[in-house]
Amino acid sequence: MSSSAGILSQTLQSITNTKISELRQQRDTFAALKSKLLASVDNVAEPEARVRLLLAEIAGCTPENGKKLENFEDSDLYGNIGNLSLKNIRRFLDQSRYDASVTDSQLKEWEQELRLLLEQRTRKLDYADLYARLLTEWLADNSAAVTPPPEAAGSERGESSEEPFELVARTKLQQLREMFESYVFTPLETDREVITAHLDSLFQHEDAAKALKKLRREVEDIGTGLTATSSPFNENVLTLCIKGLLKNDLLTEHKKTLLGEFLQNKIVLTEIADVLNMRFAGLESWGWGEEGISVEPRKQLNGKYRVMMDEDILQAIFLHYIGLTWSVKTKEALRRIVQNNKVWKESNVPMSRSEKRRREYFLGDSTASTQGLAWTKQNRYEMDYFLAQLPDSVEAGARGGYDDEEDDNASADVKSPIKIRQQLLHQLASELLIHRALHGEVAVVQSDIQWFYTSLSHSTIFTVLRYLGMPESWLLFFKTYLETPLKMVHEGQESEVRPRKRGVPIAHAISNFMAEVVLFVLDFSVNQEAQGTLLYRLTDDMWIWGDPATTNDAWKSIRRCVDILGLTINDKKSGSVHPGANVCPDLPKGSVTWGFLTLDSEHGRWLIDQTQVDRHTERLKRQLISSKSVFSFIQLWNSCVGRFFKRTFGEPANCFGREHVDMILSTHKRIQERLFAEDSSTGRTVTDHLRGLIAERFGIKDVPDAFLYLPEELGGLSLCNPFVPFLIIRDQLLASPEQPMEDFFEQEKERYKSARDLFNINGGWVQKSRGGFVSALERHSSPTTKGEENFMSMTEFTQHREWTSLELKNTYEQLCRTPWTDNINMSTEVMAAMDRMTVTRWTRFEGDQKWLLQLCSPQLLQQFGGMSIVDKGLLPLGVMTMLRSKRVTWQEVL
């Protein structure tokens, strides 16, 4: 057990060992008592006496032996056998003394049921023991760490066949270091005058100039207000900052552990606040220190390496607060630019005053803009995608950044990073369907910036910040921040200290603030230069779509602005698709992908890239083989198959249709076949493979699916079933994503016909939006409608659909909608069994867990006498929680 000391406290480890020891003692005691009881019963000839003996002695076989039978007759453990209860059997036995209607066959049936009850208790204790042995194996696996797998055999000289991979890994890491150094220690001086001239062109109009003046005043106020803050650090601020740091990858796991301990100690937080308040009071003299900050490649959860700084914990908290404050307040100020319709261009040309009057005249409504799709898209852009890397509040900043891999920071009021990305995918897919149906052609472009954080020019950052009104005192502070004294670490050796001259430190709140402010220039440029096009951007990942000609202009704007800012488009990750459109020569030639989805260039359908899936499946296979314990195997499976693949396949929605779910189900079947092809003798599934592992390592055969799938609180191993989450939503999805637009066109024709008929029937009277009527005289006196007796044409009626059509907005929302969970119908028997449990309730389980419980219920009720396999009190769930909190890292990715 000493190998697990890095994970567990001595107290928790001791409790775990005690639980396992007591469990084995209970199992041995029960086995002995059960054997003695059955031997005694076998020596009794009369059926009634056999049942009475079993019933009388059954309480003595429990862990709490010595208690009276009445205490167990209605308990969760022994209360019921099938449709009978122990109390009923006892009372029926009393009846049999006098009443011959209680037959021998009934007595024999009760005897078999009581024997079955003992067998079920045996099986529960056996699986509790297996659970303990599996946990012991996991603890011995040194915190469930997964190492790169060995090959089947080495060379004849006994050399490890891992050497080629290790050589490649070292070479790749060295190349990463060299590339990093070539960027950060070589300054890139961009042309400040060119950047300033470009910004001037964006704010040249009167309304824009007024907005810029107000923005500069607000940015200056942010700086002066923050500087004037007295003692900004207190327990609440520190708690928020620490939670934010725990969510990102800035600090090492060891330092995150220390941060977690700080949160539990108010005295420590008070001392830290005092130190940081003194540091803040001397802000103008702040520095990193002459000794320099160590920098080295650090592996992320996705297996990729990023060059990270290893800085002091207090320094990290101090800088996080400053970055968070600037981020929240600057986002508020810049958002007002987007909300100013005199400055920020609309992506759809709004109606003129004359057009509005004609619609009122013919249709009797003023067409509120909030009913239209154009308003919905603009509002969603402002709230969810604009400067998405910056939090909307200090509290939201404590939930982590927009590059989080896990979806465990979602809340009712703040969408998680993963939710934002999936929502954007649904919006893209839905708008492509709508735009193509309305206009016959559409284009979409995907791109990102090469080595974005590392390549950012300091001169660009300061030119933009100064232009927006940042005070000089803060520019000096940020100059010190950016020119970090770095010392590269390679194989334990540190290089000389050199100041950073380019790029920003990764995973810092200040860096995110600077990056987003610089890229706001890109957002604004595309909007102003490409007819109000919205650049959907999550950090440096970019998407634009819509009319091919306008999209082409937007792409030119992106390339021009990126060049002005001193950045470089990543051509390898740039691509375009324009189904139904003529060739667009200026757009990038690559494909458009999202995770494992690829946009079909001919039909505009989203398909799963099976080549990518196969590549990741092979990596997963090698990593699964290297798992040293069953629990580490399951943890890796759940992380990769249950979360990674699920996310990269795209969350199902109506815009993808039912076909998308069918593709996912077929792909998961194919993944299992490829993973377990060598186990074809026992079946090509993860459950068969695990049964084989358990039989091989622990000698227990025929492990039921229920033991593998059930959640821990019911005594199962919590294995993820990749099929069920999609099966419970499949029927709720549209069979055809094109159907909503076909329905829309029919609704639109009907609405036009109804409006025309109403106008013709009313003759000289047309209803106003206010509910009243305007006379023929007043109608004919209007300069825009004078003499109009013929109803507006269908072309005019549909001209401004995105502003006026509530039906189109509803169609869009229908396409973006994700399916609800259609829970499995629960049998009366299962519900009754769940009601008898005291440890948990049916309503606490997710839809896929309910599905599996119902599916496995015959097995559970027959073999274990209820819906749980192992009694919750017997399980060391404390250590399980700690072990499962360790997140899995992909191997072999550089």
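The values are calculated or read from the model by the stated rules, or taken from the named source; none is laboratory data. Keep in mind that what you see is a predicted model, and the values were worked out from it rather than measured. Note that we place each Cβ from the backbone using ideal geometry, even for glycine, and neighbour counts take in every protein chain shown.
Do the conditions hold for Glu218, that is, is it modelled with pLDDT under 95 and assigned to a helix (DSSP H, G or I)?
Against the criterion (modelled with pLDDT under 95 and assigned to a helix (DSSP H, G or I)), Glu218 does not qualify.
In this structure, does Leu238 turn out to be of a type outside the set (Val, Ile, Thr), assigned to a helix (DSSP H, G or I), modelled with pLDDT of 90 or more and under 33 Å from the mean Cα position of the chain (by Cα)?
Considered against the rule, which asks whether it is of a type outside the set (Val, Ile, Thr), assigned to a helix (DSSP H, G or I), modelled with pLDDT of 90 or more and under 33 Å from the mean Cα position of the chain (by Cα), Leu238 comes out as yes.
Kindly evaluate Ser511 against the criterion of being under 30 Å from Leu240 (Cα atoms), crowded, with 21+ Cβ neighbours inside 10 Å and at pLDDT 95 or above. Break it down into steps so the answer makes sense when it comes.
Numbers: under 30 Å from Leu240 (Cα atoms): yes; crowded, with 21+ Cβ neighbours inside 10 Å: yes; at pLDDT 95 or above: yes.
Judged against the criteria, Ser511 is a match.
Of all the residues that make up the stretch 805-833, how many are part of a helix (DSSP H, G or I) and modelled with pLDDT of 90 or more?
11
Are any residues in the stretch 705-727 under 17 Å from Met663 (Cβ atoms) and touching a residue at least 60 places away in the same chain (Cβ under 8 Å), and if so, which ones?
To start, the set of residues in the stretch 705-727 that are under 17 Å from Met663 (Cβ atoms) comprises 722-727.
Result: Pro722, Val724, Pro725, Phe726, Leu727.
For the stretch 184-203, give me each residue that is of a type in the set (A, V, I, L, M) and in a helix (DSSP H, G or I).
Val184, Val194, Ile195, Ala197, Leu199, Leu202
Condition (residue is of a type in the set (Gly, Ala, Ser) and closer than 28 Å to Lys247 by Cα) applied to the stretch 494-502: is it met by at least one residue?
Checked the stretch 494-502: no residue is of a type in the set (Gly, Ala, Ser) and closer than 28 Å to Lys247 by Cα.
Return a yes/no flag: does the stretch 545-552 have any residue that is modelled with pLDDT of 95 or more and touching a helix residue (DSSP H, G or I) at 6+ places or on another chain (Cβ under 6 Å).
no
Please state which one of Asp200, Asp207, Asp249 is touching a residue at least 40 places away in the same chain (Cβ under 8 Å) and under 30 Å from Lys501 (Cβ atoms).
Going through Asp200, Asp207, Asp249 in turn, the sole match is Asp249.
Would you confirm, using the coordinates I've provided, whether Thr257 is in the same structural domain as Ile506 (by TED's automatic domain parsing), under 32 Å from the mean Cα position of the chain (by Cα) and surrounded by fewer than 17 Cβ atoms within 10 Å (Cβ to Cβ)?
Yes.
Only one residue in Val526, Val489, Val504 is surrounded by fewer than 17 Cβ atoms within 10 Å (Cβ to Cβ) and in contact with a Ser or Thr (Cβ under 7 Å, 6 or more places away or on another chain), so which one is that?
Val489
Out of the stretch 300-344, which residues are touching a Gly at 6+ places or on another chain (Cβ under 8 Å) and small (Gly, Ala, Ser)?
Result: Ser327, single match.
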